[in-house]
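The structure appears right after this line, and notes come after that.
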C-alpha cells in the first residue's frame, strides 16, 4: 500500500511524471507527455490572432497529460501508491467558474484571449505591473522591490481593464497547479507557494490590502473574494475522486498534496533541506532557491516567503533570465550550420570551448539576450559581446556566453549575500546542468564555491513525489521526506584557484559594464528605445537612393 | 609610339597590371600574378620560424611578377608603350647592398629574418614605434601625432637593435616600390610619396633631424646616409634597361616613373584632381585620401605631405583598420557554413541585410576587430557588439558591421573637418565598394554626403599607368593626366534623409562608446591586457577539478 508516490511536473511544453520509492526516493518509472497545443502565442485554437507578448495555454492539454501520465504511473505502481504531488509553472493563471470550469471551455469565451490561461511567460500585462510598481506599496520589499508582468496582480488587472465581461464572469482566478489539484480531489485548495511568490501573499499578512487595490483600480478589491486562503506545503488537499480514480487506475482517496511551483519543487528533489545551500535549476533560464532563518528585504530578488519552499525556513527565489536560451540562440544561428544538428553542435562547441583557458579569448559577454532578472529586474535590456578580433573563434564566443552566465550567477550570489544570506555551496540541476560539465566547472571557478551536480532527469517531478509522500503521511513532514527521498549529488566540482584569479578580474569588468550599460541613458537602453521608435514611426519604401552617372 | 602606358600595382598577395590608352585612360588589358611565397608570416623559405607579428615578403616573387606582367602588357601594347608606372604597398622595406642586391639573397643572411623585406603589415617593431612616440618629436604633428610600427623608422630601428650585423651590412634601406624602379632603370631614385608618408620626410624639411635620431639611438643617424633625397611624383626615374627590355619585350629606354604608394595611386586612378573630394579605397582596410590647399596638423590622421598624392596640393591620408577583413571574419566564421561558400555567403547576407531598415535590429557594433587607425591610432583595441537578443538574426549582425564601418568613415570625415579640411563628396573604389551597393548607400546615409562609385577593377594600377604616361611626357603633369585618363564614376548614391536621422542617433551612441570603451582603463583595454597576461603567465594542466561523490 505504501511503497511509491507519484510526482507530476507540468512544464511549458510538456508534463513529466515519476514514480518514486517512498523509502529511498529511487525513481522506478518516468514518463513524458507533450501538450497538444504547446504554447499559444500566435493564435487561439479557434483562430483569433494574438498580439506579440501574449502566451497562453490550453487546459485540455493539461488534463490529457494528467490522465495519460497517471495511468502510466498507476500501471507501474499498482496498488502501492501512497500519494500524489503536483508541481506547475507559475504564475500560470486561469479564470474559472465557481465549479472550476475554465471560461475558455465555454462557447461565449472560446474566442476571447483574456479568458484563456495566461502562461507564466505571458508578458502583455507589463503596463499593469508598471503601475503597481509606481504605487510605492511597501509590501513589494519582499519581492525585490518590484512586481512582474508575469505575476498574478498584473495579469488579473489586464483582464479587468481589457476584458471586463471576462473579469465579471470569473468566479475564481486560480493557478494552474491549484486547478489541477481541484480536479483531482474535487475541492479548491490553494498553495501557499504559488500565492506567496506570485500573488504577494505573506503568511500572517495575507494578500495585498484592499485599500492598496482600491487605489490602483476600483475593480481590483473584488479579486480578493475570488482567491482563497492558501494552505502550507506538504498539506494533503484531499483524496483522489472516484472519477479520477477510474480515469487513472489509482485507488479512490489516494492523498493529493497541495500544489507547488516547479522550480520550488526541485529543492526537495535534490535533497536540500538546510540553509546555506543554493539550488540552481539551470535551463532555458535559471531559478535560484535558498533557505534561510531570516526574512530580509533584498532588492532585485524575485521573492521571499516563509515556508514557501520547505517548512521552518524562509525560502528565497532569485533568477537569471538568459541562460540556456541564449546558448541555444548561438547554437541555432551558427552551430547547426557548422555541425549539422543541434545535439552535435552543443557537443562540438562544448568540446572546443573546454579546451580553452580562462581569459585567453579576450572576450566578455553581458548575458542580457532576454533581459536581466536578478538584480536589475529589467526585461528591456539586451546583450553585448566585447573583445572581438579577426582571430576570434566561434568556440571562444560560446565559452564567453557560458562564462557570462557564470558571472550572472555570481552576481545573484552576491546580491543574496549583500542581503545577509550566507551561501555555502551550489546544487545544480536542470537540463543544461546535466548536459555541460564545462558549465558546472565554470560556475565553481567563478563563484569560488563547491558545486554539486545531480544525475536526476526530473528533479521537480521527484520533488512533487516527495510532496505526495508527505500528503500520504509516509514521512513526518517535508524536511524528513526530503532527507529520505531527495536525490544525492553524483559529482562535485571544486573551484580552481588559478582560474578563479583570472575570473575575478573578468568579473570586475563584467560588474563595471553591468552598471554602465544598464543605466537609463546607457547605450543599450538607448538602442532599445531607438529600435521601438523606428519600427513604430517609419515606413521605408526606398532601399537605395542611387542613379547612374552619365559619362 | 605613344598610345599606351603600363601600370603595375604590387599588392599584398599578388601584383596586377593594366595597359591603358593615354588619350582616354581606357583600360585595354589587365593581368594578375600571385606571389609564389605569399606573405611570410610563419617561417622563412629556408625554414627558420618567425615570431607572431612578423610579416615578410620574398623579393624574388616581385621580380617574377614584374617580368610576367610586363611581358603580357608588352604583348598587348606592342611598340606603342609610352611609359611605365609602379605602385607598391608601403612601408615595405628592404635592406640592400650598394648595388641593390637584397641581403636576403645572400647565403650569409638567408636564414636571418631581419634581412628580409618587412611587409607593410609587419607589426613586430611596435616597441620602437612606442619609443619614437615617447620622444615628443614635434615633426610627428604632420603624422597625426604618432608614428606607426608599420613605418620606416620603427622598422630600421628594429633591425639595428635586434640584428646589428644585418644593419651594418645594409648599404641602403629602401621601399619595395623604389627598389623595383631601381631594377627597371638601373639607378636608385626614391619617391617623395613613400618618403613623405612612411619615413617622415617633408619637402623643404627633409628626414627627421640627426639630433633626434641620435637621442633615440646612437646608431640611428647612420640611416640618413642609407636613404636618398626623394623625387617628386610624376618625375621620370630613367629609361628601361636593356636587360629588362629583353626580359619584358618592351623598348629599351621606355620611361619609368618614380614609384608611388598603392593607395595614393588610386586618387588619379579615379580621376580626382581637386580639393574637397574624399577618395576611399575600401578593401580589407580602408584608406582615405584627400587634397587640400593647406598643411594642418590633425591628430589621428596618418600623414600630410605636400605633393604626396598630386602636385600642387597637400595630400592627406587617414584610414580605418577594420573593414573588409571584419566582414570576411563574419562570413568565414558563420556565412560559409550557412550558405556553402564565400561568394554565396556575401551575396546572401548582402540581400538579407539590404531588406532591413535603419535602427530596426537594435544592434550597434564598434568596428575595432583589427584596432582603430584614425582617429585613435591604436592596434590593441578589439571590437564590440551591443543589443543582442534571442531574436537577433545573422543578417542583422552583418548589417550592424557594415553600419559600424560607415560610422568609422564618418568619424574620419569629422576628424579631417575638425582639422580644417572641407569635404564635398566621397569617391569609393576598392574591392568591397564594387561588391556591395548596400555599403555604398549606408556610407551616403551615414555621412550625409553624395557617394560616387566606380567600375574600375584596378584603380591603383590605372593610377600607376597615369604616372607612367607623365613620365613618358604624354601629358603636361599629373593633374592634366588625371583629368584625361582617370576613371569616371558610374553611379551616385545620395543620402536618404530619413535614414540619416536614425543614423545620426546611432552615431551619437557610437561616438559615446568609442570614447568610453577605448580609454586606458576601459573594458576593452583591460580585456586585452588580461588576455596577454594569461597567455604569458599560466600553464593550465587541469581542465576540470571534479570528483565523484560517494553515495
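The values are calculated or read from the model by the stated rules, or taken from the named source; none is laboratory data. All values reported here derive from a predicted model rather than from experimental measurement. Every residue, glycine among them, receives a Cβ derived from its backbone with ideal geometry; neighbour counts consider all protein chains shown.
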Would a scan of the stretch A:217-228 turn up a residue that is touching a residue at least 24 places away in the same chain (Cβ under 8 Å), assigned to a loop (DSSP other than H, G, I, E, B) and under 22 Å from residue A:408 (Cβ atoms)? no
In the list B:26, B:53, B:64, B:21, which residue meets the criterion of being surrounded by fewer than 19 Cβ atoms within 10 Å (Cβ to Cβ) and within 18 Å of the chain's Cα centre (by Cα)? B:53
From the option list B:374, B:351, B:389, single residue qualifying as surrounded by 19 or more Cβ atoms within 10 Å (Cβ to Cβ) and more than 7 Å from every other protein chain (Cβ to nearest Cβ) is B:374
Any idea which of B:276, B:315, B:308 is more than 14 Å from chain A (Cβ to nearest Cβ), over 13 Å from the mean Cα position of the chain (by Cα), surrounded by 19 or more Cβ atoms within 10 Å (Cβ to Cβ) and within 17 Å of residue B:413 (Cβ to Cβ)? B:315
Examine the stretch A:492-502 for a residue that is assigned to a strand (DSSP E or B), within 9 Å of chain B (Cβ to nearest Cβ), in contact (Cβ under 8 Å) with a residue 12 or more places away in the chain and crowded, with 16+ Cβ neighbours inside 10 Å, and state whether such a residue exists. yes
Within the stretch A:362-371, the count of residues that are touching a strand residue (DSSP E or B) at 6+ places or on another chain (Cβ under 7 Å) and at the interface with another protein chain (Cβ under 7 Å from one of its Cβ atoms) comes to 3
Index of the failed condition, residue B:512 passing every other in (1) part of a helix (DSSP H, G or I); (2) buried (at least 17 other Cβ atoms within 10 Å of the Cβ); (3) in contact with a helix residue (DSSP H, G or I) (Cβ under 7 Å, 6 or more places away or on another chain): (2)
Checking residue A:433 against (1) surrounded by fewer than 23 Cβ atoms within 10 Å (Cβ to Cβ); (2) farther than 30 Å from residue B:440 by Cβ; (3) more than 7 Å from every other protein chain (Cβ to nearest Cβ); (4) modelled with pLDDT under 95: exactly one of these is not met. Which one? (1)
All positions within the stretch A:134-172 that are surrounded by fewer than 20 Cβ atoms within 10 Å (Cβ to Cβ) and within 23 Å of the chain's Cα centre (by Cα): A:139, A:140, A:141, A:145, A:146
Tally the residues that are in a strand (DSSP E or B) and either in contact (Cβ under 8 Å) with a residue 24 or more places away in the chain or at positive phi (or both), restricting the search to the stretch A:35-44. 1
Members of the stretch B:146-160 that are outside any loop (DSSP other than H, G, I, E, B), out of contact with any strand residue (DSSP E or B) (no Cβ under 9 Å at 6 or more places or on another chain) and closer than 8 Å to residue B:200 by Cβ: B:153
For the structure I just gave you, tell me whether residue B:479 is surrounded by 18 or more Cβ atoms within 10 Å (Cβ to Cβ), within 12 Å of chain A (Cβ to nearest Cβ) and either modelled with pLDDT of 95 or more or in a helix (DSSP H, G or I) (or both). no
Total residues in the stretch A:332-341, condition touching a residue at least 24 places away in the same chain (Cβ under 8 Å) and either under 25 Å from residue A:408 (Cβ atoms) or more than 7 Å from chain B (Cβ to nearest Cβ) (or both): 2
Mind listing whichever residues of the stretch A:532-541 are surrounded by 12 or more Cβ atoms within 10 Å (Cβ to Cβ) and either at pLDDT below 75 or within 7 Å of chain B (Cβ to nearest Cβ) (or both)? A:534, A:535, A:538, A:540
Looking for something within 11 Å of chain A (Cβ to nearest Cβ) and surrounded by fewer than 24 Cβ atoms within 10 Å (Cβ to Cβ) - is there at least one such residue anywhere in the stretch B:404-419? no
Looking at the stretch B:255-263, is at least one residue under 26 Å from residue B:429 (Cβ atoms) and in a helix (DSSP H, G or I)? yes
Condition check: at pLDDT 95 or above and assigned to a helix (DSSP H, G or I). Does residue B:233 satisfy that? no
If I go through the stretch A:183-200 residue by residue, how many of them are under 30 Å from residue A:243 (Cβ atoms) and outside any helix (DSSP H, G or I)? 7
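The rows are residues; the columns are (1) buried (at least 20 other Cβ atoms within 10 Å of the Cβ); (2) free of Cβ contacts under 8 Å to residues at least 40 places away in the same chain; (3) in a loop (DSSP other than H, G, I, E, B); (4) out of contact with any strand residue (DSSP E or B) (no Cβ under 7 Å at 6 or more places or on another chain).
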site: A:46; (1), (2), (3), (4): no, no, yes, yes
site: A:87; (1), (2), (3), (4): yes, no, no, no
site: A:129; (1), (2), (3), (4): yes, yes, no, yes
site: A:132; (1), (2), (3), (4): yes, no, no, yes
Just one of the numbered conditions (1) crowded, with 16+ Cβ neighbours inside 10 Å; (2) without any contact (Cβ under 8 Å) to a residue 12 or more places away in the chain is not true of residue B:107; which one? (1)
Going by what's in this entry, would residue A:487 be described as assigned to a loop (DSSP other than H, G, I, E, B), more than 9 Å from chain B (Cβ to nearest Cβ) and under 26 Å from the mean Cα position of the chain (by Cα)? yes
At pLDDT 95 or above, closer than 19 Å to residue A:392 by Cα, out of contact with any strand residue (DSSP E or B) (no Cβ under 8 Å at 6 or more places or on another chain) and assigned to a helix (DSSP H, G or I): does that describe residue B:327? yes
Can you confirm whether residue B:379 is closer than 25 Å to residue A:513 by Cα, at the interface with chain A (Cβ under 9 Å from one of its Cβ atoms) and touching a helix residue (DSSP H, G or I) at 6+ places or on another chain (Cβ under 9 Å)? no
